[in-house]
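The structure's right below; bear with me while I get my questions together.
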Amino acid sequence: MPLAFSLPFHKARRHGTLGAGGLAHFVHDGISDSLYVLLPLWAEAFGLSMAQVGLLKTCYSSALASLQLPLGMLAERWGERAILAASTVLAGLALTALALAGGFGTLVAGLIVLGLASSAQHPLASAIVSRGYGTTSRRAALGTYNFAGDLGKVAIPPLVAFGAVLFTWQGSVIAYGGLVALAGLALFVLLGRLGAGQPQMHHPRSEEPMPRGWGLRQPLGFTLLSSIGVLDIMCRGGFLTFLPFALLAKGADIEWVGIALGLVLAGGAAGKLVCGLAAERVGVIRLVLLTELSTALGIGALVLLPLGWSLAILPAVGLALNGTSSLLYGTVGDFVDPARQSRAFGLFYTLSLGAGAVSPLLFGMISDATGINVALLLIASLALMTLPLALAMRPLLRPG
């Protein structure tokens, strides 16, 4: 009997699987991007420097990256369902516990636990969706999955910001943490009913041997793809971490910072959906070149423009900034055997998120030394560095 990934997925079942993956992405991206609102509040409450702010983000991102690969490998034996649901419940509890933070040290500890708990979502949910769709509209499905994540990025940071204004930041994180924990329970039930996220090893009716090693069909292509992912997430993480501080320096209030993040992430949501749907028609490489060049130009423009114009162009910057990721995620499957997708996504996310963890600390130190605008211009240069890598990857992809 074929492995679980090759069982027939009827249309309703595929959509249900995508819905479950989208729910996981929504709540976890809501966590990660609400931190961009909370960082300035913590900086004011606890008297933090820009380097300390960057270190907080680095601690979270490092923890987030650390278990991507181990959990991706573990899911082959235990299945994505149990690990993804349990980690989501734990993430909700960890976020709630952050309300008890009394200073820099407790923030560091809380964010590390939160990052560890959030490690499962990207590799496991991506693998569930990718395996469910196979070669049928995989990029479009993963683009929709990414769009769901960006809906969380759009919806949650402004709500956290307004909750902090109306009540306290502690009340905001407690409320959202409770919702995340409930979402984890819902994922366990939904994936069970769909029969998705089951173990991929030693299936009782398996006729196909499990591929050895990493299952990389095209190692050079995967290496180039991962390199682009590293630079892309360093650019995105650095920009989103310090965008609120750049806007505050231009005279924005904290409420407008939440709105600004909503604008850039709304553009990002559209970018992920549009790029995921357009990839097969326009071509992956063409779109990567377009989004990365537009990202660099957009960040450069934000440095020069006054507050009003900066806010006006944020949706366009977000579209370019986040659009690339749908193209990258949807291309992982081109280079990897289906049965190894959990660990391949785990490896891809470990490399990219690990590099992204360094980015806030690095650019926080640069910002302390040279100013926020210089840091932003250096962040923009990372986007330009992806262009030759994308061109080198072109001949390794199948047409389209």
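When you look at Ala4, is it open to solvent by 30 Å² or more (accessible area, probe 1.4 Å), closer than 21 Å to Phe188 by Cα and either of a type in the set (Phe, Trp, Tyr) or modelled with pLDDT under 80 (or both), yes or no?
Considered against the rule, which asks whether it is open to solvent by 30 Å² or more (accessible area, probe 1.4 Å), closer than 21 Å to Phe188 by Cα and either of a type in the set (Phe, Trp, Tyr) or modelled with pLDDT under 80 (or both), Ala4 comes out as no.
Mind listing whichever residues of region 275-313 are modelled with pLDDT under 85 and open to solvent by less than 20 Å² (accessible area, probe 1.4 Å)?
Cys275, Gly276, Ala279, Gly283, Val284
So which residues in region 348-360 are modelled with pLDDT of 80 or more and aliphatic (A, V, I, L, M), if there are any at all?
Of everything in region 348-360, those that are modelled with pLDDT of 80 or more and aliphatic (A, V, I, L, M) turn out to be Leu351, Ala355, Val358.
Give Ala312, Ala301 a once-over and let me know the one that is within 14 Å of Leu377 (Cα to Cα), in a helix (DSSP H, G or I), aliphatic (A, V, I, L, M) and without any contact (Cβ under 8 Å) to a residue 40 or more places away in the chain.
Unique residue meeting the criteria: Ala301.
Residues of region 343-376 being farther than 30 Å from Ile128 by Cβ and surrounded by 17 or more Cβ atoms within 10 Å (Cβ to Cβ), which ones?
Leu361, Leu362, Phe363, Gly364, Ile366, Ser367, Ile372, Ala375, Leu376
Can you tell me how many residues in region 239-275 are more than 18 Å from Val154 (Cα to Cα) and assigned to a helix (DSSP H, G or I)?
Looking only at that region, the number is 4.
Hey, another quick one. Among the residues of region 247-261, count how many are of a type in the set (Gly, Ala, Ser) and either in contact with a strand residue (DSSP E or B) (Cβ under 7 Å, 6 or more places away or on another chain) or open to solvent by 10 Å² or more (accessible area, probe 1.4 Å) (or both).
3
Can you find a residue that is part of a helix (DSSP H, G or I) and modelled with pLDDT of 85 or more anywhere in region 321-344?
Checked region 321-344: at least one residue is part of a helix (DSSP H, G or I) and modelled with pLDDT of 85 or more.
Is it the case that Leu185 is modelled with pLDDT of 85 or more, surrounded by fewer than 23 Cβ atoms within 10 Å (Cβ to Cβ) and assigned to a helix (DSSP H, G or I)?
Against the criterion (modelled with pLDDT of 85 or more, surrounded by fewer than 23 Cβ atoms within 10 Å (Cβ to Cβ) and assigned to a helix (DSSP H, G or I)), Leu185 qualifies.
Among (1) at pLDDT 80 or above; (2) over 26 Å from Ala183 (Cα atoms), there is one condition His25 misses while meeting the rest; what is its number?
With (1) at pLDDT 80 or above; (2) over 26 Å from Ala183 (Cα atoms) applied to His25, the lone miss is (2).
Condition (residue is at pLDDT 85 or above, open to solvent by 10 Å² or more (accessible area, probe 1.4 Å) and touching a Leu at 6+ places or on another chain (Cβ under 6 Å)) applied to region 37-53: is it met by at least one residue?
The answer is no; no qualifying residue exists.
The values are calculated or read from the model by the stated rules, or taken from the named source; none is laboratory data. Everything numeric in this text was worked out from a predicted model, so none of it was measured. Here Cβ is always computed from backbone atoms with ideal geometry, including for glycine, and neighbour counts include all displayed protein chains. These accessible areas exclude ligands, DNA and RNA; they are computed on the full protein's heavy atoms, side chains included. Shrake-Rupley method; radii C 1.70, N 1.55, O 1.52, S 1.80 Å.
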